[in-house]
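As structure tokens, the structure follows; a few thoughts come after it.
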Amino acid sequence: MWKWIDSLRVRFLGVLEAVRASYGFVPALLALAASAVAVTLVLVERSGEQEWLDDLPWLGTWTAESCRSILQAVASSSITVAGTVFSILIVALTLASSQFGPRLLRTFLRDRGAQLALGTFVATFLYSLLVLSAVRDEQVPRLATAGAVAMAVLSTAMLVLVLHRSSVTLQANELLAALAAELRDQVESLPELAGDDDGTSGDSEGDGDARRDDLEGDDPLLEASGSGGLEIRAAPHGDGYLRAVDVDALVELARRQDAVVELAIGPGAFVFPGALLARLRFPPGKSGDGEEDEIVDEIRAALSVGSSRSSVQDLGFLLDQLVEMALRALSPGINDPTTASACVHRIGAALCLLQGRRLPPARLRDARGRVRLVRPSVSLVRLAARTFEPIRRAGISHPGVVLTLIETAAEVSLQQALRRGSDDLATWYREFAADTVEQVRAAGAPDPTVEQVERAHRSSMSEYGELTRAARRAAPPPVG
């Protein structure tokens with residue numbers, strides 16, 4: 001039973017992600033709500049006195065025939081407009097897919113305004129249809145008919161809204177802003193740095209007993225674990241992308257078995273049929289005691305695999321979408337270096353936000369402080385390399401994009417030195433900037449362009465040097 005609950009908890013995150021990017025969930029909820037309101041109003045009017053409705057303007061003069069005419073007009077027009085709006089959304093999605101990439105469609109599908117507009121039209125149609133079926137010559141649902149008129153007015157406002165949003169969301173800057181907002185929410189879901197925290201250690205993660213651990217320090221159980229262990233491989237038909245990992249369930253499993261779970265892949269990786277997912281390492285002289293099949297099933301249940309990547313636990317997913325948008329902007333068919341530079345700015349802003357957050361640790365301990373889970377680590381250097389370097393290769397012939405890369409990468413490395421007191425990104429940046437200058441020169445760029453790139457590189461290194469010297473002067477003198 002607990003294994004089923006753990007599996008359900010992980011898969012719920014994937015279902016929630018799919019629901020948020022669906023044009024069916026919100027319209028279905030609104031349609032059900034409208035149906036309930038229609039039935040309720042009709043029953044209320046049938047069960048009570050209706051003389052008070054005669055004193056209301058317009059409602060008192062409505063007959064069964066006039067109510068039928070109103071409801072028929074509202075129902076027919078709302079379903080027609082719903083089809084028109086759906087066509088508009090499909091055209092917008094087609095244009096966005098061809099210009100920005102098919103993987104960015106999820107950003108359009110998550111637009112709550114479009115979902116509400118489509119749901120309002122469907123709800124108005126279903127509401128009017130149900131009330132129309134309840135109209136009788138001797139029982140006229142005037143109050144429910146007035147509700148249909150009110151929903152028609154609301155649908156008109158939603159039509160204007162969806163036309164406005166469809167034209168706005170096709171702009172590159174608006175799409176970048178939506179991606180950046182989602183990326184900011186993902187970064188802000190990580191724990192904040194506190195005090196002299198270096199970003200890899202902390203107290204707890206999630207709601208379970210799994211505790212974070214830094215990469216330093218030894219653990220007797222981890223050292224005593226053998227080199228073999230129980231291998232957990234993907235099912236023959238279990239291919240897809242790893243969307244989420246239930247770390248609490250894996251830590252609890254390792255604690256019960258007095259072992260260490262080593263994940264071979266992290267969220268965002270593709271799972272091939274039969275590929276190695278994890279390895280359960282036991283201390284010398286201990287094994288699974290005949291529970292190997294149950295252990296394999298439990299570990300597989302803690303790993304959520306789907307047909308596409310998800311931003312639930314994959315820090316690189318949204319960054320990769322920005323990279324894809326930049327690469328498409330730099331393609332010969334589009335040739336839009338301004339959008340590519342804007343993508344670089346958004347990537348740099350996200351990496352700067354990550355400076356103040358604790359990244360997911362490579363090791364997690366149980367409540368007793370024993371290492372129970374080891375997984376692939378995430379570092380700022382790797383995230384910077386996987387985002388900036390592909391854009392550099394595609395935009396090396398665009399001086400504006402190259403300068404933006406140099407300036408943004410320099411700012412990110414300076415932020416790390418300021419917030420974390422680390423020079424990991426600065427070391428990467430020096431190599432990145434030097435390689436960029438060489439590639440610009442090798443691409444045959446004019447001398448003024450090469451000099452401009454070199455000047456930007458020297459300026460950033462000078463600023464970093466001044467910052468380092470200021471930090472050393474402010475540091476307390478060594479004791480003794």
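Please go through (1) more than 23 Å from Gly266 (Cβ to Cβ); (2) hydrophobic (A, V, I, L, M, F, W, C); (3) in a helix (DSSP H, G or I) for Ile334 and return the number of the only condition it doesn't satisfy.
Every condition holds for Ile334 apart from (3).
Criterion first (over 21 Å from Leu190 (Cα atoms), modelled with pLDDT under 85, surrounded by fewer than 17 Cβ atoms within 10 Å (Cβ to Cβ) and not small (Gly, Ala, Ser)) does Glu291 satisfy it? Please lay out each step first, then the result.
Details: over 21 Å from Leu190 (Cα atoms): yes; modelled with pLDDT under 85: yes; surrounded by fewer than 17 Cβ atoms within 10 Å (Cβ to Cβ): yes; not small (Gly, Ala, Ser): yes.
Against the criterion (over 21 Å from Leu190 (Cα atoms), modelled with pLDDT under 85, surrounded by fewer than 17 Cβ atoms within 10 Å (Cβ to Cβ) and not small (Gly, Ala, Ser)), Glu291 qualifies.
For Arg368, work out the one condition from (1) under 27 Å from Arg441 (Cβ atoms); (2) surrounded by fewer than 18 Cβ atoms within 10 Å (Cβ to Cβ); (3) not hydrophobic (A, V, I, L, M, F, W, C) it doesn't fulfil.
Tallying (1) under 27 Å from Arg441 (Cβ atoms); (2) surrounded by fewer than 18 Cβ atoms within 10 Å (Cβ to Cβ); (3) not hydrophobic (A, V, I, L, M, F, W, C), Arg368 fails exactly one: (1).
Check whether at least one residue in the range 397-415 is at pLDDT below 80, surrounded by 13 or more Cβ atoms within 10 Å (Cβ to Cβ) and within 18 Å of Arg346 (Cβ to Cβ), and report yes or no.
The initial filter retains those residues of the range 397-415 that are at pLDDT below 80, namely 415.
Filter once more, keeping what is surrounded by 13 or more Cβ atoms within 10 Å (Cβ to Cβ): 415.
This time we only want the ones that are within 18 Å of Arg346 (Cβ to Cβ), so: 415.
Scanning the range 397-415 turns up at least one residue that is at pLDDT below 80, surrounded by 13 or more Cβ atoms within 10 Å (Cβ to Cβ) and within 18 Å of Arg346 (Cβ to Cβ).
Any residue at all in the range 318-332 that's modelled with pLDDT of 85 or more, in contact with a Lys or Arg (Cβ under 7 Å, 6 or more places away or on another chain) and surrounded by fewer than 22 Cβ atoms within 10 Å (Cβ to Cβ)?
Let us first name the residues in the range 318-332 that are modelled with pLDDT of 85 or more, namely 318-332.
Now drop any that are not in contact with a Lys or Arg (Cβ under 7 Å, 6 or more places away or on another chain), which leaves 321-322, 324.
Next, from what is left, pick out any that are surrounded by fewer than 22 Cβ atoms within 10 Å (Cβ to Cβ): 324.
Yes - at least one qualifying residue is present in the range 318-332.
If you take the residues of the range 373-403 that are outside any helix (DSSP H, G or I) and aliphatic (A, V, I, L, M), which of them is farthest from Ser331 (Cα to Cα)?
Looking only at the range 373-403, we keep the residues that are outside any helix (DSSP H, G or I), and these are 373-379, 396-398.
Add one more test, that the residue is aliphatic (A, V, I, L, M), and what stays is 373-374, 378, 396.
Values: Leu373: 42, Val374: 40, Val378: 30, Ile396: 12 Å.
Looking at residues that are outside any helix (DSSP H, G or I) and aliphatic (A, V, I, L, M), I get Leu373.
Taking Gly101, is it loosely packed, with under 14 Cβ neighbours inside 10 Å, at pLDDT below 80 and in contact with an Asp or Glu (Cβ under 6 Å, 6 or more places away or on another chain)?
Values: loosely packed, with under 14 Cβ neighbours inside 10 Å: no; at pLDDT below 80: yes; in contact with an Asp or Glu (Cβ under 6 Å, 6 or more places away or on another chain): yes.
Here the answer is no, as Gly101 does not meet what is asked.
Within the set of pairs 6 or more residues apart or between chains, which connect a residue that is aliphatic (A, V, I, L, M) inside the range 375-388 to a residue that is surrounded by 15 or more Cβ atoms within 10 Å (Cβ to Cβ) and in a loop (DSSP other than H, G, I, E, B) with Cβ atoms less than 6 Å apart?
Within 6 Å, the pairs are Val378/Leu359; Val378/Pro360.
Looking only at residues that are β-branched (Val, Ile, Thr) and not in a helix (DSSP H, G or I) in the range 120-172, which one is modelled with the lowest pLDDT?
Initially, the range 120-172 is screened for residues β-branched (Val, Ile, Thr), giving 120, 122, 124, 131, 135, 140, 145, 149, 153, 156, 160, 162, 168-169.
From what's left, not in a helix (DSSP H, G or I): 135, 140.
Working: Val135: 87, Val140: 78.
This residue is Val140.
Give me the residue from the range 420-437 that is over 15 Å from Ala394 (Cα atoms) and either loosely packed, with under 15 Cβ neighbours inside 10 Å or acidic (Asp, Glu) (or both) and, out of that set, modelled with the lowest pLDDT.
Step by step, filter the range 420-437, then rank; the result is Gly421.
Of everything in the range 239-251, what is assigned to a helix (DSSP H, G or I) and surrounded by fewer than 22 Cβ atoms within 10 Å (Cβ to Cβ)? Give them in sequence order. I'd like the intermediate steps shown before the answer.
Of the residues in the range 239-251, the ones assigned to a helix (DSSP H, G or I) are 247-251.
Listed by number, the list holds a single entry, Asp248.
Yes or no, residue by residue, for (1) at pLDDT below 70; (2) in contact with a Lys or Arg (Cβ under 9 Å, 6 or more places away or on another chain); (3) assigned to a helix (DSSP H, G or I):
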residue: Lys3; (1), (2), (3): yes, no, yes
residue: Val10; (1), (2), (3): yes, yes, yes
residue: Ala18; (1), (2), (3): yes, no, yes
residue: Leu53; (1), (2), (3): yes, yes, yes
residue: Ser77; (1), (2), (3): no, no, yes
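Using beta carbons and a limit of 7 Å, which pairs, at least six apart or on different chains, have the first residue in the range 103-117 and without any contact (Cβ under 8 Å) to a residue 60 or more places away in the chain and within 18 Å of Ser307 (Cα to Cα) and the second one of a type in the set (Lys, Arg) and surrounded by fewer than 16 Cβ atoms within 10 Å (Cβ to Cβ)?
Taking only residues 6 or more apart or on different chains, not a single pair turns up.
The values are calculated or read from the model by the stated rules, or taken from the named source; none is laboratory data. Just so it is clear, the structure is predicted and the values come from calculations on it, not from any experiment. Every residue, glycine among them, receives a Cβ derived from its backbone with ideal geometry; neighbour counts consider all protein chains shown.
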